[in-house]
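Read-outs throughout are calculated quantities, based only on the coordinates presented, and are distinct from any laboratory measurement. All values derive from a computational prediction rather than experimental measurement. Using ideal geometry, Cβ is built from the backbone for each residue, glycine included, and neighbour counts are taken over all protein chains shown.
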Amino acid sequence: MTSYPETLHHYTTASGLCGILEPVKLGPDWEKAVPSFKNNRRSISLWATDARYLNDSAEIEYVTNELSDALTKLAGGDNSDLNKNIKYVANRLRKLDFTETGSSFAHTVYVVCFCSGGNLLSQWRGYGANGGGYSIEFNSDAIRDLFFPAFRSDDDMVGVEQDETALSAVRYGIDPEMIARVASITVENERLGLMSQAIKGLTLFKHEDFSAESEWRAVYPEISPILQFRTTAAGGIIPYVKLFRMQPPEQNASAIRSVLVGPGPDQNLRYEAVRQLLDQRGFFDVTVNRSGTTYKG
């Protein structure tokens, strides 16, 4: 069994925090099926971004050659259908060809990024609104217990799926032993699609220059999800999947353990606003603290 920290942290902006705490709206059919979820105030939403649109320009591509070599080695010399397929996928990886056979769309996975540290200057600068944002501490078990939408009618979510989320630490730099392990797992799970499983493994490696992030990832393989889209300041369009976790009334501990207010301007006012927001959403057990980092932002 994979060992993971008891809690993990997610750095975000003010709008990101409000979005995570926005009550999940389900369609009437779903609410009727699960009455305890109706008007639930302690739900959370997280965005799983298409991995190709994350901030690392080498995302997915970083260890493609090494994984291709490891897969080819596993295929061996015989010409079984499985080995032919492994070699075919390995060759496509080397060419950075992730497209679905007979389609213009690429295989991908959807990722939610977390960090093992909750008060890192590099994270405040990169993801926490240059110190004006927030670091949310999640219980790791709650992260692994997220639902994703299966289908909907108009704007109402009418069906969901759930499976134990793959929660893994990112490896920085080339790690041959780990790459060989990913190749083995890819082949073992070939019934789920060799390319999809290979892409899932590729998301676990980043260049060593990113090591200060101490990143963990919740990874969702290609699941034909109900996609949503957001825009960037530079005019880009980013696909993502909106995941959620409901909080049944009988459960005491919420998905969130604490919120740390970044070291930027108006910290005391932001602290008070976060406390009010959490209380209004029913997160009375979540603590709010101020970052003591001496960074003006």
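Residue ranges 272-278, 171-177 sort as 272-278, 171-177 when ordered by packing (mean number of other C-beta atoms within 10 Å per residue, highest first).
For each pair in 206/242; 95/200; 95/242; 87/206; 73/95; 84/206, compute the distance between the two Cα atoms and list the pairs where it is over 22 Å.
Violating the 22 Å Cα-Cα cut-off are 206/242; 95/242; 87/206; 84/206.
When each of the peptides 44-51, 290-297 is scored by the mean number of other C-beta atoms lying within 10 Å of its residues, the order from highest to lowest reads 44-51, 290-297.
Find, among the trypsin sites (Lys or Arg not before Pro) in segment 44-151, those assigned to loop by DSSP (not H, G, I, E, B) with at most 13 other beta-carbon atoms within 10 angstrom. Loop-located and lightly packed - 95.
Please work out how much length the chain gains when fully extended from residue 277 to residue 177, using 0.36 nm per residue of separation minus the C-alpha to C-alpha distance, in nm with one decimal. Before the final figure, lay out the partial values.
Working: separation 100, 0.36 × 100 = 36.00 nm, distance 4.58 nm.
Length difference between fully extended and current span is 31.4 nm.
Taking all Cα pairs closer than 8 Å and separated by 6 or more residues, the relative contact order of segment 184-297 comes to 18 percent. Taking θ as phi - 60° and the Karplus parameters 6.51, -1.76 and 1.60, the scalar couplings of segment 211-221 work out to 5, 5, 6, 6, 7, 10, 10, 9, 10, 10, x Hz in sequence order, x denoting glycine and proline.
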